[in-house]
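Enquirer: So that we are looking at the same thing, I have put the structure below in structure tokens.
Where a number appears in this text, it was derived from the coordinates with a stated rule and is not lab data. All figures in this text were calculated on a predicted structure; none of them were measured in a lab. Positions of Cβ are backbone-derived with ideal geometry, glycine not excepted, and every protein chain shown enters the neighbour counts.
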Amino acid sequence: MMFLVVRPCGSSSARIHHHHPTPPRSSRNVVVRCSVSSSVQEKEEKGTELDCSVSFPPIRAAKRVVLVRHGQSTWNAEGRIQGSSNFSVLTKKGESQAETSRQMLIDDHFDACFASPLARSKRTAEIIWGPHHEPIIPDYDFREIDLYSFQGLLKHEGKERFGSAFRQWQVDAANFNIDGHYPVRELWDRARSCWTKILAHDSRSVLVVAHNAVNQALVATAIGLGPEYFRTLLQSNCGVSVLDFIPRSEGGSPHICLNRLNQTPGSPIAGGKSGGREPSKRIILICNGSTQGNTEDVFPFGGDQPLNMLGVIQSQKSAELLLDLKVNSIISSLNKACIGTATIISQI
């Protein structure tokens, strides 16, 4: 894997550090393999976060799942807490975002589309699904997080009416309780049941159009992260996240590969705040360029191969995205393709 560690105001030239992997310690296998600004990362570890995950049913063939959040809604624009209420609809900007997502995904082949039945996500799904003949599958389990008495309030109203409870929602969402419910914990349980439905469906490529919080929970439960990671995997309006499920030869829970996380049409390294916070450091994760055995349809444990010509070009394009950044250091896997990608970026 290759990490580019960036300080917004740093200065020194970058050096490449090779990362020596440590031996695996347990059987849990989660892969993160992202595009442009992400990396191949295999995690084989055991800890309290992973203990909250559940094994997925075995699958017979590889399956790709593409998650999309709905476009901007009227209540998004107003700053109103939506939860699982169904009173907001897409704005003109939201419909435009959905059309942009349709264009982003135009080369993807989908066998099925699951969607939250709430109006804002239902309309987004209709725009993206477009001319497909297969009907959209509405499923209430894909609705947004249930926020009970918070729903419909402007954020300042929530703070005024609920005080300490609203503060807990902001700083300790996993333990947030309202009206006798723990909304984030309930959401995580619901996300696990959603995966059971998706994996049981007879399809190879599935589109899911839903919401910010539920898509966060779907990503997190797939890669073994608990509700304490709520708000860590934010999903932008019409942001696209992609997970690949690869069957194991010996059966059992499949390999899980996070291929993309919250991909949007804008630059993946655009500056600005993240979740409302100004970062003091930035870490940019980049996948190595293409090799002879490294295509989108191949599971990314295909041996140690150097970059092919396409991989060289991809590495050069990634380097161009980074030209205006001050890179302090580059950390690379010992994999030949990773070293090749890191070297090209360092040279440019």
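Enquirer: Provide the packing ranking of 135-144, 169-178, 115-124, i.e. peptides ordered by the mean count of other C-beta atoms within 10 Å per residue, highest first.
Expert: Put in order of decreasing packing, that is 115-124, 135-144, 169-178.
Enquirer: Rank-order 214-223, 196-205 by packing density, defined as the average count of other C-beta atoms within 10 Å over each peptide's residues, highest first.
Expert: Output ranking for 214-223, 196-205: 214-223, 196-205.
Enquirer: Rg and Dmax of the range 63-263, Cα atoms, in Å?
Expert: When restricted to Cα atoms, the range 63-263 yields Rg and Dmax of 16.7, 56 Å.
Enquirer: Charges only on Cβ, +1 for Lys and Arg, -1 for Asp and Glu: so what's the dipole of the range 63-263 about the Cα centre, in debye to the nearest 20?
Expert: Computed about the Cα centre, the dipole is about 340 debye.
Enquirer: Amide H neighbours of L153 under 5 Å, counting only residues 5+ apart in sequence or on other chains, H built in-plane at 1.01 Å?
Expert: The list, which skips near neighbours in sequence, is I81.
Enquirer: Still on this model: Largest first and to the nearest Å, give the Cα extent of the range 115-167 along each principal axis.
Expert: So the three principal-axis extents are 49, 18, 13 Å.
Enquirer: Using θ = phi - 60° and the Karplus relation 6.51 cos²θ - 1.76 cosθ + 1.60, list the HN-Hα couplings for the range 212-217 in order, rounded to whole Hz, with x at every Gly or Pro.
Expert: Ordered by residue, 3J(HN,Hα) equals 4, 5, 5, 5, 4, 5 Hz.
Enquirer: Give the long-range amide H neighbours of H255: residues separated by 5 or more places, or on another chain, with amide H under 5 Å away, using H modelled in the peptide plane at 1.01 Å from N.
Expert: Correct list: I246, R248.
Enquirer: Next question. How large is ³J(HN,Hα) for each residue in the range 89-94, as worked out from phi by the Karplus curve 6.51 cos²θ - 1.76 cosθ + 1.60 (θ = phi - 60°), to whole Hz, x for Gly and Pro?
Expert: Working through the residues one at a time gives 10, 5, 7, 4, 4, x Hz.
Enquirer: Also, quick follow-up: In what sequence, highest mean first, do 71-84, 319-332 appear when ranked by Cβ atoms within 10 angstrom? Spell out each step's value before the answer.
Expert: Values: 71-84: 19.2, 319-332: 16.1.
So the order, starting with the most tightly packed, is 71-84, 319-332.
Enquirer: Another one. Multiplying the sequence separation of E160 and I106 by 0.36 nm and subtracting their Cα-Cα distance, what value in nm do you get? Mind showing how you got there, number by number?
Expert: Values: separation 54, 0.36 × 54 = 19.44 nm, distance 4.51 nm.
Extending this stretch completely gives an extra 14.9 nm.
Enquirer: May I ask what percent, to the nearest 5, of DSSP beta bridges between residues of the range 63-263 are antiparallel? Present the calculation step by step, with values, prior to reporting the outcome.
Expert: Numbers: 15 of 27 bridges.
Antiparallel bridges make up about 55 percent of those DSSP assigns within the range 63-263.
Enquirer: Starting at the first residue of the range 199-206, write each ³J(HN,Hα) from the Karplus equation 6.51 cos²θ - 1.76 cosθ + 1.60 with θ = phi - 60°, in whole Hz, x for Gly and Pro.
Expert: 6, 7, 5, 7, 7, 9, 9, 10
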